[in-house]
Amino acid sequence: MDAKRNSEAGFTIVEVIIAIIVLTVGLLGLVTTAALVTRMIGQGQRTAVASTFASQRMEVLRAAACTPALRVNGSESLVRGGAVAATNNWTFANVAGNTWKIALSVTYVTVKNRSRTDNMETSVIC
């Protein structure tokens, strides 16, 4: 009977505790990664909104570059939910003869209310 009892397999309390610790460390890593991914998705959405806003304005400015009355420097803001999501600032500069350079900068809020500015530039030959 003693031989039968010694051959029975099972987990010791030490093995169970080690397994729980390994599982806990893995789950904590997963939770940390999920929080980071959530922040990155939010940042990506803010960047995409600002980029789309700037691209739309750049297309309007490219069309206006050959019309002297419409070729004026300016700025505009995108308001979402009562707060400014992005601000475009643009300038026109005569490069040579019929060639006009359009410089557009878009400023938007990132994490922790910091701001970021991205720039676009193009030339239009009239």
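If you add up the charges near residue 123, with Lys and Arg at +1 and Asp and Glu at -1, over every other residue whose beta carbon is less than 11 angstrom from its beta carbon, what do you get?
On the way: positive: 62, 101; negative: 121.
Net charge around residue 123: +1.
Based solely on its DSSP helices, what 222 nm [θ] is calculated for the chain when runs of n ≥ 4 H residues each add -39,500 (n - 2.57) and the sum is averaged over all residues, nearest 500 deg cm²/dmol? Walk me through the numbers before you get to the answer.
Values: 2 runs with 57 residues, N = 126.
Rounded to the nearest 500, it is -16500 deg cm²/dmol.
Whole-Å semi-axes of the chain's equivalent ellipsoid, largest first, each the root of 5 times a Cα gyration tensor eigenvalue?
Values: eigenvalues 805, 43, 18 Å².
One finds semi-axes of 63, 15, 9 Å for the chain.
Calculate the length of the line joining the C-alpha centroid of the range 98-114 to that of the range 4-74, in whole Å.
24 Å
Towards the positive end of the charge dipole of the chain, with charges on Cβ (+1 Lys, Arg; -1 Asp, Glu), say which of 22, 86, 97 has the farthest Cα.
Selected residue: 97.
Take the chain, connect every pair of alpha-carbon atoms lying under 10 Å apart with a spring to form a Gaussian network, then pick out the residue of 64, 85, 50 with the largest mean-square fluctuation.
64
Considering only 17, 41, 102, give the residue with the highest GNM mean-square fluctuation for the chain, with springs between Cα atoms whenever their separation is below 10 Å.
Checking each option, the largest mean-square fluctuation is seen for 17.
When 101, 112 are ordered from fewest to most other Cβ atoms inside 10 Å of their Cβ, what list results? Don't jump to the answer; show the numbers that get you there.
On the way: 101 15, 112 5.
With the sparsest Cβ surroundings first, the list reads 112, 101.
Taking only Cα atoms and a 10 Å spring cutoff, compute GNM fluctuations for the chain and point out the largest among 23, 104, 61.
For the chain, modelled as a Gaussian network with Cα springs under 10 Å, the answer is 23.
Determine the relative contact order of the chain: mean sequence separation of Cα pairs under 8 Å and six or more apart, normalised by residue count, in whole percent. Don't jump to the answer; show the numbers that get you there.
Numbers: 139 pairs, mean separation 22.7, N = 126.
In percent, rounded to a whole number, it is 18.
No lab work stands behind these numbers, since they all come straight from the coordinates. Worth saying up front: this structure is predicted, and the values here are computed from it rather than measured. Quick reminder, even Gly has a Cβ in these numbers, built from the backbone with ideal geometry, and neighbours come from all protein chains shown.
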